[in-house]
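Colleague: Input: one structure, supplied below.
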Amino acid sequence: MDLALILIQTLNAVQYGLLLFLVASGLTLIFGVMGVINLAHGSFYMMGAYLAFTLTALTGNLLLAIVIGVVLSAVLGALLEWALFSHLYRRNHLQQVLLTYGLILIFEELRSVLVGNEVYSVKVPDWLNFSVPLGSVMTYPAYRLFMSGVCLVLALGLYLLIERTLVGARIRAGSSNRGMVQLLGINIDWLYRLVFALGVALAAFAGMLNAPASSVSPGMGTQVLIVSFVVVIVGGIGSVWGALLASLLVAFADTFGKVFVPDYAGIAIYVVMAAILLWRPEGLFKS
Amino acid sequence: MSRLLSLRAVSRAAAALALASVAVAAQAQPAPVRIGLMLPSSGTFADLGKGVTNGFKLYVNEQGGKLGGRAVEYLAVDDESDPSKANENANKLVKRDKVDLLVGTIHSGVAQTMAKVARETNTLLIVPNAGAGEITGSMCAPNVFRSSFSNWQPGYASGLLAARKHKTAVTISWKYAAGDESVRGFREGFEKGGGKVLKDLNLPFPGVEFQPLLTELATIKPEAAYVFVAGAGQVMFVKDYAAAGLKTSIPLYGAFITEGTLAAQGDAASGLQTALHYADGLKNPKNEAFIASYTKAFGAAPDVFAVQGYDAAQLFDAGMRAVKGDTKKKAEMIKAMENAKLDSPRGPLSFSKSHNPVQDYYVRVARGTQNVMTDVIVKGLVDPSPDCKL
């Protein structure tokens with residue numbers, strides 16, 4: 001076994017895990033705090049990737065595109081919460097699944113109408129378009145290191161926001177008892193809208209950041225959605241800390257699975273999920 | 001009363017006369033031959049479908065719009081590359097539109113269903129792209145032809161090419177039928193040339209997380225690598241390969257890895273060697289004429305898919321000529337198509353017992369946005385199709 005191989009695969013796994021966390025944290029917040037099963041969350045990720053492609057083509061600058069894209073996504077998230085999701089809190093899960101599944105179809109059709117069914121790739125910015133030598137064997141693309149760094153900063157920021165600030169405390173309180181938080185004089189409607197917008201923006205950001213490292217293609221949202229639900233369930237519904245740990249766990253299982261048991265890599269993450277749920281039926285951390 | 005009777009007699013006579021004249025007219029002017037084009041005009045493969053359609057129509061236009069003395073009528077259906085709609089679409093063309101020839105398609109899953117419908121209804125089918133081995137293998141039929149390739153062929157040719165310079169290789173492919181068939185072809189070609197495949201790496205279709213596989217490839221340190229992915233995967237893979245610093249240390253080979261996406265791949269693809277049955281700007285009189293007339297008609301240079309569409313029409317014409325347009329003489333038509341020796345833009349083209357193309361495979365090098373031919377790797381390559389009982 002080659003040490004360089006383990007090192008690079010570890011970098012790959014960390015990068016994938018942190019990216020997954022950005023998507024899954026929004027999902028777990030919306031699920032945990034508002035109790036809404038949002039199947040359309042993967043569509044926000046896809047939307048981000050297509051935004052990155054379109055805005056980069058328009059502005060010629062990926063970073064600028066990401067900034068504009070994040071703002072647009074957050075606004076869209078707040079609008080969607082106001083128009084659709086705010087009516088779902090008191091509905092049962094079946095109705096939530098139906099509505100959010102309908103949203104997936106709408107997003108896919110919109111994408112098809114607006115940008116077509118083509119597969120696009122986004123260029124890595126010139127100043128990041130180089131590789132770092134790692135060991136004697138190969139080089140590692142600088143953009144992937146950049147991605148890991150950005151995701152790490154965001155993950156830490158999000159963790160501190162939820163676990164260490166007043167807003168975070170209110171969000172967590174809202175997830176356990178909505179009525180009580182409202183009685184304490186906190187505008188729970190706006191708190192929810194904020195959380196939802198944050199979740200949408202995070203998923204879209206993940207899609208935008210990953211666009212140059214991956215491809216922008218129809219159906220990419222569904223793949224991410226499934227893995228994100230695995231993360232949310234393994235981590236414990238509503239727990240940000242759990243989502244972070246579970247993202248990394250799932251990413252390591254997937255990345256190393258692809259190398260050591262390639263024929264079974266597709267099921268590696270589900271085996272991990274099953275094992276953990278047998279051990280802790282409510283996930284790693286209960287919210 | 002008698003007046004009425006005579007009136008009726010007159011009208012009857014007139015009707016009979018009218019019918020007779022129609023029949024005479026019909027004999028003088030035979031009904032057009034009906035061709036069902038079942039190809040994608042939307043989705044990821046839309047451009048490929050357009051190339052096939054353009055190529056087909058170009059040939060027919062070059063014959064003055066007639067095949068075997070009959071005018072040509074097209075009935076087109078967008079197959080959306082969707083296997084779940086394939087049966088309905090193919091049946092619509094065969095049963096409702098009563099086409100004399102079915103042409104399609106790009107997607108292997110859809111083409112396999114088309115082959116099934118063609119077998120059941122004994123309709124003539126020419127597959128102008130899909131490379132699934134079964135079509136001219138276990139599912140082969142007298143009335144089913146292919147004007148493109150089987151996945152095994154370009155894989156095998158690439159294997160021979162890689163074996164010229166290297167002793168060991170690793171393959172990377174999507175885990176699906178086309179990937180498996182292509183890799184099997186590569187392995188056979190590479191081993192025939194004295195090489196050894198150390199390992200087959202793969203990932204689920206249509207994933208593009210190549211990084212972990214590239215890392216493993218680098219640690220196995222083979223002398224060469226072979227890849228089979230398509231569409232979005234091509235661009236991603238070639239770029240990742242260059243970014244991982246592998247391009248110079250482990251030469252990359254592929255068949256379709258550069259087809260149609262060279263502009264998007266940019267510098268990462270420059271110098272990449274591939275083996276395929278066509279190369280951009282191939283030097284032969286037929287291809288030069290083909291490029292000129294294609295460019296004049298459609299305002300862009302043709303690609304391998306246009307060639308495959310053009311040859312589908314040529315192949316059908318060989319049958320039509322043999323029976324002078326009488327499509328009822330199916331057995332005679334098929335015989336003529338089996339024996340056809342076509343002058344294709346890709347070079348000489350004939351057909352194996354299983355109705356798969358017998359063709360030359362070229363070594364191409366990616367230069368700018370062109371796959372430039374540098375050499376011939378194997379002449380008249382036949383897919384052995386051991387499962388075909390024809």
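Taken together, the values in this text are just the output of simple stated rules run on the coordinates, not laboratory data. This one's a predicted model, so the numbers in the text were calculated from it and none came from an experiment. Ideal geometry is used to build each Cβ from the backbone, glycine not excepted, and the neighbour counts take in all protein chains shown.
Colleague: What Cys residues in the protein assembly as shown have no fellow cysteine's beta-carbon under 4.7 angstrom?
Modeller: Taking the Cβ cut-off of 4.7 Å, the unpaired cysteines of the protein assembly as shown are A:Cys151.
Colleague: Also: What number comes out for the charge environment of B:Lys50, summing +1 per Lys or Arg and -1 per Asp or Glu over other residues with Cβ under 12 Å away?
Modeller: -2
Colleague: Going by average Cβ neighbours within 10 Å, how do the peptides B:113-125, B:139-151 rank, with the highest at the top?
Modeller: Numbers: B:113-125: 20.5, B:139-151: 24.8.
Answer by packing, highest mean first, reads B:139-151, B:113-125.
Colleague: Report the residue, chosen from B:Tyr310, B:Tyr241, B:Tyr176, that carries the largest GNM mean-square fluctuation when chain B is represented by alpha-carbon nodes joined by springs under 10 Å.
Modeller: Looking only at B:Tyr310, B:Tyr241, B:Tyr176, the largest GNM fluctuation is found for B:Tyr176.
Colleague: Can you pull the one-decimal nm distance between simple spin-label points at B:Lys66 and B:Lys98, each 7 Å off the Cα toward Cβ?
Modeller: 2.2
Colleague: Scan around A:Asn117 for amide H atoms under 5 Å from its own, H built in the peptide plane at 1.01 Å from N, and keep only partners 5 or more places away or cross-chain.
Modeller: Residues meeting the criterion, in which the H sits 1.01 Å from N, are B:Gly43.
Colleague: Looking at chain A as a GNM with Cα springs under 10 Å, which of A:Ile162, A:Ile171, A:Ile106 has the largest mean-square fluctuation?
Modeller: A:Ile106
Colleague: On full extension of the chain, what length is gained from B:Lys283 through B:Lys353, given 0.36 nm per residue of separation minus the C-alpha to C-alpha distance?
Modeller: Taking B:Lys283 through B:Lys353 to full extension adds about 22.3 nm, to one decimal.
Colleague: So, one more: Pull up all non-local amide H partners of B:Thr105: gap of 5 or more, or a different chain, and H-to-H distance under 5 Å with H placed in the peptide plane.
Modeller: B:Ala111, B:Asn129, B:Ala130
Colleague: OK, next. Pick out which of B:Pro154, B:Pro128, B:Pro83 has the largest mean-square fluctuation in a Gaussian network model of chain B, springs linking Cα atoms closer than 10 Å.
Modeller: Between B:Pro154, B:Pro128, B:Pro83, it is B:Pro83 that shows the largest mean-square fluctuation.
Colleague: Still on this model: I'd like the FRET efficiency for A:Thr59 and A:Tyr89, computed as 1/(1 + (r/R0)^6) with the beta carbon distance as r and R0 of 35 Å, rounded to 0.05.
Modeller: 0.40
Colleague: Here's a follow-up. Would you mind getting me the FRET efficiency between B:Arg321 and B:Lys379? Use the beta-carbon distance for r and R0 = 41 Å, nearest 0.05.
Modeller: Details: r = 27 Å, r/R0 = 0.65.
Rounded to the nearest 0.05, the efficiency is 0.95.
Colleague: Right, something else. Could you name the lysines whose alpha carbon sits less than 26 Å from that of B:Lys329, not counting residues in the same chain fewer than 8 places away?
Modeller: Counting by Cα, and skipping residues close in sequence, B:Lys329 has these lysines nearby: B:Lys57, B:Lys66, B:Lys92, B:Lys95, B:Lys98, B:Lys116, B:Lys341, B:Lys353, B:Lys389.
Colleague: Shifting gears a bit: How much of the DSSP beta bridge set in the protein assembly as shown is antiparallel, as a percent to the nearest 5?
Modeller: Values: 24 of 59 bridges.
Roughly 40 percent of the beta bridges in the protein assembly as shown run antiparallel, per DSSP.
Colleague: Would you mind counting up the charge near B:Thr168? Only other residues with Cβ under 9 Å from its Cβ, with Lys and Arg at +1 and Asp and Glu at -1.
Modeller: Charge balance near B:Thr168 sits at +2.
Colleague: Also, I was wondering about something else. Give me the distance between the Cα centres of region B:230-276 and region A:20-54, rounded to whole Å.
Modeller: Their Cα centres are 32 Å away from one another.
Colleague: What distance in nm separates the simple spin-label points at A:Leu110 and A:Leu184, each placed 7 Å from Cα in the Cβ direction?
Modeller: Reported label-point gap for A:Leu110 and A:Leu184 is 3.4 nm.
Colleague: Another question, if that's okay. Between B:Lys329 and B:Tyr176, what is the spin-label point distance in nm, taking each point 7 Å from the Cα along the Cα→C-beta axis?
Modeller: Output for this residue pair reads 4.3 nm.
Colleague: Moving to a separate point now. Using +1 at the Cβ of each Lys and Arg and -1 at the Cβ of each Asp and Glu in region B:236-390, identify which of B:Thr327, B:Ala313, B:Gly271 lies farthest towards the dipole's positive end.
Modeller: Comparing the listed Cα positions along the dipole, B:Thr327 ranks first.
Colleague: Counting Lys +1, Arg +1, Asp -1, Glu -1, what net charge surrounds A:Ile171 among other residues with beta carbon under 15 Å of its beta carbon?
Modeller: +2
Colleague: Which percent, to the nearest 5, of DSSP beta bridges fully inside chain B are antiparallel? List each step's numbers first, then the result.
Modeller: Details: 19 of 54 bridges.
Restricted to chain B, the bridges split so that about 35 percent are antiparallel.
Colleague: Another question, if that's okay. Can you list the residues, at least 5 places off or on another chain, whose amide H is less than 5 Å from the amide H of A:Tyr140, using H built in the peptide plane?
Modeller: Hits under the 5 Å cutoff: A:Val132, A:Leu134.
Colleague: When you count, for each residue, the other Cβ atoms within 10 Å and take the mean per peptide, how do B:85-92, B:183-190 rank with the highest first?
Modeller: In descending order of packing, they fall as B:183-190, B:85-92.
Colleague: If a paramagnetic tag sat 7 Å from the Cα of B:Lys296 along the Cα-Cβ line, which residues of region B:46-82 would have the backbone N under 18 Å from that point?
Modeller: Hits in region B:46-82 for B:Lys296 at 18 Å: B:54-66.
Colleague: Between A:Asn177 and A:Val261, what is the FRET efficiency for a Förster distance of 35 Å, r being their Cβ-Cβ separation, to the nearest 0.05?
Modeller: 0.20
Colleague: Here is a further query. If you plug each phi of region A:32-48 into the Karplus form 6.51 cos²θ - 1.76 cosθ + 1.60 with θ = phi - 60°, what whole-Hz ³J(HN,Hα) values come out, in order, with x for Gly and Pro?
Modeller: Result, rounded to whole Hz: x, 7, 9, x, 9, 7, 9, 5, 7, 4, x, 5, 5, 5, 4, 4, x.
Colleague: Next question, about the same structure. How well do other chains shield peptide B:200-211, expressed as the mean number of their Cβ atoms within 10 Å of each residue Cβ?
Modeller: The shielding value for this peptide is 5.
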